[in-house]
Amino acid sequence: MNYFLKILGGGREVGRSAIEVGNSDSSIILDYGVNFDEKDNPNFPLQEVPNRVKGFVVSHAHLDHVGALPIYQIGSLNTKVYGTVATRIITEVMLKDFLKLSGSKIPYEWVEVRKTMDNFMAIGYGEETEIDSMKVSLYNAGHIPGSSIIKVSSEKGAVAFTGDINLTETKLMKPAEIESIGNANVLVMESTYGKFNHPNRKVVENEFYEKVLEVVESGGTVLVPAFSLARSQEVLSVLAERDFPYPVYYDGMSREITEIMLGFREFLNKPDLLKKAYDNFNYVKGWEDRHRAWKERGVIVASAGMLKGGPAVYYFKKLSESSKNAIFLVSYQAINTPGRRLLEMGKFDEYSGLLKARLEIFDFSSHAGRRQLLEIVKSIKGLEKAVLVHGSPDNETSLADLIKQETGVEVIIPENGQEISL
Ligand SMILES: [Zn+2]
Ligand SMILES: [Zn+2]
């Protein structure tokens, strides 16, 4: 039988990850996520005839990998979803939050989110699960807790999908277990940082800590805008490891997510550090705490990471007008976000005043850089094709050139809708 891959999302774009693997009778879909246009409207992946789809396997709980799953639970549909137990529980939190923030722009409702969770089967790393004529295994991808490399084997050989992947050890995550992939004919790989290498992680952590300390010791407050899932916990762990001697506040969904993570210690690299942060740092419970937190010298870690709303915007407005304070960004700042405009124009938007607080950005990325992506390609035995997804076209082209130069592997940069035969 003829097997193929079909790119339903994530072709020449970051996010909206969705890759179909199958034959003319049946298929499975790896990830089913969303991304957002300039006006913040969600884009959903292409759809496949529902009765062909025997199940979804998801790499991790970021919305750009799971945000569209409930579409296959509408009406009488009851499609099975597979992923790690940590991914299952965090996915529920993410989908609920997505509905709360963007409900009117989403083609499903609460009942479909509920059904997604009911149909979600948790599978462990290294276990083999059969879905129709295919066998699926997951391995730690090093990106966020629960994140997985997905390997799909059929009579036509094996496809490995990186999901989002990181080979650098962080406080939260052990590096991706690429050696467990073994043989694969085709690798579908993210290419978010196909053009760039990240600086040494230890150096970044030390520099971040020293600068935070410097600002606070001279009487200022540091705002660290950070995504509630993973980046907040990473920053809190860095501060906890060094026994930061001033108050640390954290605000947003990060409390709930931290508690979930502490329930799955086996998915964390240094669970004791996160527990220490949870025990010693202060969670902002409501407006009373919020009004107080920014008046103290110390650190506030708050969502959203790109200042697109959330408590970080409130703190930003309070802290940005004094040169004693600092705004330390720790996430990539996507185009058309307030964080990006801040970096480019030195102000929050066209109406606000110029920023007086100190502004810096630190690279706490949870994605592999260029050399690491090449290392992944080289580590797989019997590889014939590398399919680059989840990257901007310039990142993908640049990475493709490097892979072609250094290996004999064929490289494909597919568009959405493109089929690749196996
Ligand atoms: Zn992603
Ligand atoms: Zn991700």
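Read-outs: derived from the displayed coordinates by stated rules, not from any lab. Since the model is a prediction, treat every value here as computed from it, not as a measurement. Please note: Cβ atoms are built from the backbone with ideal geometry, for glycine as well, and neighbour counts cover all protein chains shown.
At most 11 other Cβ atoms within 10 Å and a DSSP loop assignment: could you name the GluC sites (Glu not before Pro) in the stretch 303-366 that fit? Sites meeting the loop and neighbour criteria: E350. For the stretch 186-286, the set of GluC sites (Glu not before Pro) satisfying both a DSSP loop assignment and a count of at most 13 other C-beta atoms within 10 Å is empty. For the stretch 294-370, applying the loop criterion from DSSP together with a ceiling of 10 other beta carbons within 10 Å to the trypsin sites (Lys or Arg not before Pro) yields K295.
The charge dipole of the chain, taken about its Cα centre with unit charges on the Cβ of Lys, Arg, Asp and Glu (plus for the first two, minus for the last two), comes to roughly 840 debye. Straight-line cross-link partners of K195 among the aspartates and glutamates, defined as a Cα under 12 Å from its Cα and at least 8 positions apart when in the same chain: D394, E396, D401. Taking 0.36 nm per residue of sequence separation and removing the Cα-Cα distance, the A122/N282 pair yields an extension gain of 54.4 nm. Candidate cross-link partners of K211 among the lysines, defined by an alpha-carbon separation under 18 Å and a same-chain spacing of 8 or more, comprise K202, K324, K356. Per-residue ellipticity at 222 nm, computed for the chain from helices alone with -39500 (n - 2.57) per DSSP H run of at least four residues, works out to -9000 deg cm²/dmol.
Phi-derived couplings, Karplus 6.51 cos²θ - 1.76 cosθ + 1.60 at θ = phi - 60°, listed residue by residue for the stretch 268-282: 10, 6, 10, x, 5, 5, 5, 5, 4, 4, 4, 6, 9, 8, 9 Hz, with x used for Gly and Pro. Which distance in Å, rounded to a whole number, links the C-alpha centroids of the stretch 268-316 and the stretch 122-187? Measuring centre to centre over Cα atoms gives 33 Å. How big is the gap, in Å, between the Cα center of the stretch 15-42 and the Cα center of the stretch 212-240? Rounded to whole Å, the Cα centres lie 34 Å apart.
Placing R0 at 60 angstrom, the Cβ-Cβ distance between K356 and S24 gives a FRET efficiency of 0.45 after rounding to 0.05. For S218 and S180, a Förster radius of 51 Å and the Cβ-Cβ distance give a FRET efficiency of 0.60, rounded to the nearest 0.05.
Other residues within the sphere of radius under 14 Å centred on the Cβ of N35, judged by their own Cβ, net out at -3 (K and R +1, D and E -1). Out of all DSSP beta bridges with both ends in the chain, state the antiparallel percent to the nearest 5. Antiparallel: roughly 45 percent of the beta bridges in the chain. Pairs with C-alpha atoms separated by more than 28 Å, drawn from the list K135/K404; K54/K385; K80/K308; K6/K80, are K135/K404; K80/K308.
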